[in-house]
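Below: one structure, written as structure tokens.
The values are calculated or read from the model by the stated rules, or taken from the named source; none is laboratory data. Bear in mind the structure is a predicted one, so any value in this text is a computation, not a measurement. When we count neighbours, we look across all protein chains shown, and the Cβ atoms used for this are built from the backbone with ideal geometry, even at glycine.
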Amino acid sequence: MSNRCIVCGEPLQQGQLCNWCKDSRFESILRSLVENVDEQLQQTTRIDVKTNLTFSLIADLGLLGIRHPYLTSFSKILARLINEGGKGKRVLKIDDLRYGQKNPFPFLSLLNTFRLIKYNEQTNISIPDDSILLKIRHEIDVDPKRNPAAAFALGYLTLKAMLQTIDIAKTRMVDYGEGITALYSATRDRGGQIKIMMPKSYVATLSFIFGYWARGFTEFSELDLHRFMVIRGITGKEFSEILANLSCAFATTHAFYERISAEYIGRMPVYRFKLNEEYVRLYERLRERARIRG
Amino acid sequence: MIVPEKFSLNNHKCWICGYRKLDVEKKMSPRYLCFWCSPSEEGEEQLTPELLINDLILEAGEHLRNGNLIRCEDIDVLSLIADIGDLGGRHPHFKQFTSMIGLIAVQVVLEKSYTPRKLLKVAEGATLNEKWKRVCQCIFFLTDVSLLEHGEGRYIQDRFRPSNLLLELTSSIESVSKVEEELPPRIANCIAGYALLYGIKTSIEWLKKDGQGEPTGIIRLYPRNSHGKIWIPKRFTATTMYLMGHLAHGYDEFSENELRAWLSNRGITGNDASWIINWLNRTIPSAHRLVNPRFDGITYHFSFNINYIRMRERVRERIRGRSR
């Protein structure tokens with residue numbers, strides 16, 4: 001994992017994080033956001049992603065990864081935990097959480113680290129009373145129609161994992177299974193070499209959007225996104241899917257951008273995105289918070 | 001100005017920004033303009049670059065005409081046109097014309113009239129004849145943009161005297177600065193910017209009428225050879241149209257990638273494109289307040305001056321009100 005940024009996948013000569021992801025603004029706004037979410041989660045029983053701005057942002061970030069094929073099994077695990085927890089079943093067998101051939105243990109460890117479940121490397125896991133999975137289930141019961149609360153779990157996990165990764169990378173090498181790498185899958189190629197598969201189109205998009213937001217930019221175009229993605233090896237169909245995801249062409253709609261328009265700057269139209277005004281305000285609040293903390 | 005016999009505009013490109021059209025676009029967009037400079041499909045209430053320029057000219061004209069001080073720092077419209085003037089003043093071809101406009105303004109301030117012969121010292125050209133042609137170009141251009149007016153004297157057939165607008169605006173220059181020493185650069189840029197933007201407006205109107213007869217507006221200033229071939233000084237016109245267009249379309253920010261892609265469709269690449277980027281991010285010393293440049297780690301990212309964004313909203317509301 002030494003030749004790529006472990007957060008966004010940019011090829012690197014040395015180090016574990018690229019300049020984009022280890023930018024101080026990126027880290028400080030990420031920390032502020034995660035702290036803000038944690039505080040709110042302690043104070044409230046509902047995860048109201050439709051009216052609470054912070055929760056809405058996290059859910060929107062989670063929605064970007066919900067369709068990614070590498071994350072399908074993790075999404076299914078989360079869905080199962082939310083469902084079973086809602087039915088009152090608090091202890092589940094790990095074997096019931098296996099989907100496909102993917103190893104679920106790093107992901108379960110990640111859930112355990114952030115206290116979504118209790119898992120001590122035995123055959124069972126349990127859902128604690130204060131788990132956010134139960135709050136999500138409660139929220140879906142309250143408002144069952146197209147509720148993006150389930151995506152909140154993935155967004156929350158990813159951001160927490162991202163912050164943990166940045167913190168670990170400051171002191172030592174990040175091992176597989178730690179931080180965001182728990183979302184990556186390890187396979188063996190034909191030569192027997194271990195290969196880490198990272199869901200780049202999710203994490204790189206997240207990194208781009210979050211990085212742009214953290215830098216205080218409110219608008220970007222397809223060309224900016226393309227330049228960022230090409231460096232990380234995301235082109236062609238994969239890039240088109242990211243673009244479709246951001247421009248709400250899929251059924252999973254998010255509220256990131258208040259204006260998505262096609263601009264004719266030359267011979268072909270180029271998508272332009274203008275950030276939701278409410279998220280701009282949230283950014284200002286979080287930046288102020290980071291300033292006071294600093 | 002006598003148009004050479006071979007003079008003819010072709011419809012392969014836009015004569016303001018220099019966009020090279022595809023075959024389909026030749027049929028869809030106005031004959032000598034592109035979809036950016038003259039969007040045809042948008043509704044009346046939509047703000048287009050052309051409408052924005054028209055409103056800027058109107059508003060700036062009011063400020064210049066009322067005899068108050070030309071406070072480019074406080075009045076957003078004047079500040080914006082001064083920024084455009086700054087760009088014009090740095091263009092290798094337009095530089096001489098902005099200097100001529102400044103010289104005329106100084107002469108009018110001091111003497112209430114001007115002597116065309118004095119403009120020869122800033123005109124570029126290998127021979128006196130060439131220099132005189134440039135001076136004539138400038139005088140005709142200023143007539144198009146209402147800073148000079150055409151009249152007939154008793155003995156002289158063509159007489160170009162300062163218009164009321166020029167006399168009124170120069171009276172306010174007189175009160176703010178010691179013009180006999182030097183015209184303040186921001187005020188000089190403001191007057192030049194006003195003339196150049198007005199020139200673009202006039203040329204767009206002329207091109208929309210199929211470019212019949214003598215060219216008017218900024219096209220008069222385009223360099224041309226003895227065979228009538230015209231070059232577009234795109235580094236100024238294209239940059240101005242990009243900024244105006246982007247502002248008019250309702251965006252507050254743009255990136256270097258977008259600007260480069262847009263310029264490359266107009267044949268501006270390499271050093272010319274880099275020069276524009278450097279001018280915008282003030283790597284080249286300049287006093288404009290158009291954009292706030294920030295480096296995002298990969299490329300430059302520019303945000304429009306918040307006052308200009310407010311001004312755009314004001315213009316948009318005015319246009320919306322007009323269409324009610």
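Going through A:Leu225, A:Leu286 one at a time, which residue ends up being within 13 Å of chain B (Cβ to nearest Cβ), crowded, with 20+ Cβ neighbours inside 10 Å and within 21 Å of A:Leu63 (Cβ to Cβ)?
Exactly one residue qualifies, and that residue is A:Leu225.
Specify which of the listed residues (A:Ile82, A:Ile117, A:Ile47, A:Ile125) is surrounded by 13 or more Cβ atoms within 10 Å (Cβ to Cβ) and either farther than 16 Å from A:Leu157 by Cα or within 16 Å of the chain's Cα centre (by Cα) (or both).
A:Ile125
So which residues in the stretch B:282-324 are under 19 Å from B:Met244 (Cβ atoms) and not in a helix (DSSP H, G or I)?
Across the stretch B:282-324, the qualifying residues are B:Ser286, B:His288, B:Arg289, B:Leu290, B:Val291, B:Asn292, B:Pro293, B:Phe302, B:Ser303, B:Phe304, B:Asn305.
Go through the stretch A:261-274 and count every residue that is within 22 Å of the chain's Cα centre (by Cα) and more than 10 Å from chain B (Cβ to nearest Cβ).
1
So in the stretch A:228-256, with the set limited to residues that are within 20 Å of B:Asp296 (Cα to Cα) and of a type in the set (Val, Ile, Thr), which one is farthest from the other protein chains (Cβ to nearest Cβ)?
A:Ile234
Only one of these conditions is not met by A:Lys237: (1) surrounded by fewer than 18 Cβ atoms within 10 Å (Cβ to Cβ); (2) in contact with a Phe, Trp or Tyr (Cβ under 6 Å, 6 or more places away or on another chain); (3) of a type outside the set (Ser, Thr, Tyr). Which number is it?
Answer for A:Lys237: the failing condition is (2).
Can you run down the residue pairs with Cβ atoms below 6 Å, 6 or more apart or on separate chains, where the first is in the stretch A:146-160 and of a type in the set (S, T, N, Q) and the partner is surrounded by fewer than 24 Cβ atoms within 10 Å (Cβ to Cβ)?
Here the result reads A:Asn147/A:Ile140, each pair linking the stretch A:146-160 to a residue that is surrounded by fewer than 24 Cβ atoms within 10 Å (Cβ to Cβ).
When the stretch B:38-60 is examined, which residues are found to be at pLDDT below 80 and more than 14 Å from chain A (Cβ to nearest Cβ)?
Scanning the stretch B:38-60 gives B:Gly43, B:Glu44, B:Glu45.
Specify the residue that is surrounded by the most Cβ atoms within 10 Å (Cβ to Cβ); the eligible residues are those in the stretch A:161-180 that are more than 20 Å from A:Glu121 (Cα to Cα) and touching a residue at least 24 places away in the same chain (Cβ under 8 Å). Walk me through how you get there before you give the answer.
Filtering the stretch A:161-180 down to residues more than 20 Å from A:Glu121 (Cα to Cα) leaves A:162-174.
Now restrict to residues that are touching a residue at least 24 places away in the same chain (Cβ under 8 Å): A:162-166, A:169, A:173-174.
Working: A:Met162: 25, A:Leu163: 18, A:Gln164: 19, A:Thr165: 21, A:Ile166: 22, A:Ala169: 20, A:Met173: 12, A:Val174: 22.
Looking at residues that are more than 20 Å from A:Glu121 (Cα to Cα) and touching a residue at least 24 places away in the same chain (Cβ under 8 Å), I get A:Met162.
Select, from A:Gly179, A:Gly216, the only residue that is at positive phi, within 11 Å of chain B (Cβ to nearest Cβ) and under 20 Å from the mean Cα position of the chain (by Cα).
A:Gly216
From the set of residues in the stretch B:15-37 that are surrounded by fewer than 20 Cβ atoms within 10 Å (Cβ to Cβ), of a type outside the set (Lys, Arg) and out of contact with any Leu (no Cβ under 8 Å at 6 or more places or on another chain), which is modelled with the highest pLDDT?
That would be B:Phe35.
Run down A:Gly9, A:Gly15, A:Gly65 and say which single residue is under 23 Å from A:Phe152 (Cβ atoms), of a type in the set (Gly, Ala, Ser) and assigned to a loop (DSSP other than H, G, I, E, B).
One residue alone meets the criteria, A:Gly65.
Test A:Ala186 against the stated conditions and say whether it is of a type outside the set (Phe, Trp, Tyr), farther than 20 Å from A:Ile58 by Cβ and in contact with a strand residue (DSSP E or B) (Cβ under 9 Å, 6 or more places away or on another chain).
So A:Ala186 passes the test.
Any chance you could count how many residues in the stretch B:244-272 are more than 13 Å from chain A (Cβ to nearest Cβ) and aliphatic (A, V, I, L, M)?
Selection size over the stretch B:244-272: 1.
So which residues in the stretch B:212-270 are among the hydroxyl-bearing types (Ser, Thr, Tyr), assigned to a helix (DSSP H, G or I) and touching a residue at least 24 places away in the same chain (Cβ under 8 Å), if there are any at all?
B:Thr237, B:Thr239, B:Thr240, B:Tyr242
Going by the conditions given, is B:Arg314 free of Cβ contacts under 8 Å to residues at least 24 places away in the same chain, on the phi < 0 side of the Ramachandran plot and either more than 9 Å from chain A (Cβ to nearest Cβ) or among the charged types (D, E, K, R) (or both)?
yes
State whether one or more residues within the stretch B:128-141 are crowded, with 17+ Cβ neighbours inside 10 Å, in contact with a Phe, Trp or Tyr (Cβ under 6 Å, 6 or more places away or on another chain) and without any contact (Cβ under 8 Å) to a residue 40 or more places away in the chain.
yes
Out of everything in the stretch B:72-95 that is in contact with a Cys (Cβ under 8 Å, 6 or more places away or on another chain) and assigned to a helix (DSSP H, G or I), what residue ends up being farthest from B:Glu149 (Cα to Cα)?
So the residue we want is B:Ser79.
Are any of the residues in the stretch A:33-54 β-branched (Val, Ile, Thr), in contact with a Leu (Cβ under 6 Å, 6 or more places away or on another chain), at pLDDT 90 or above and not in a loop (DSSP other than H, G, I, E, B)?
Yes, that holds for at least one residue.
I'd like the full set of residues that are of a type outside the set (S, T, N, Q) and either buried (at least 16 other Cβ atoms within 10 Å of the Cβ) or at pLDDT 85 or above (or both), limited to the stretch A:96-114. Give the derivation first.
Of the stretch A:96-114, the ones of a type outside the set (S, T, N, Q) are A:96-100, A:102, A:104-108, A:110-111, A:114.
Within the stretch A:96-114, A:Leu97, A:Lys102, A:Pro104, A:Phe105, A:Pro106, A:Phe107, A:Leu108, A:Leu110, A:Leu111, A:Phe114 qualify.
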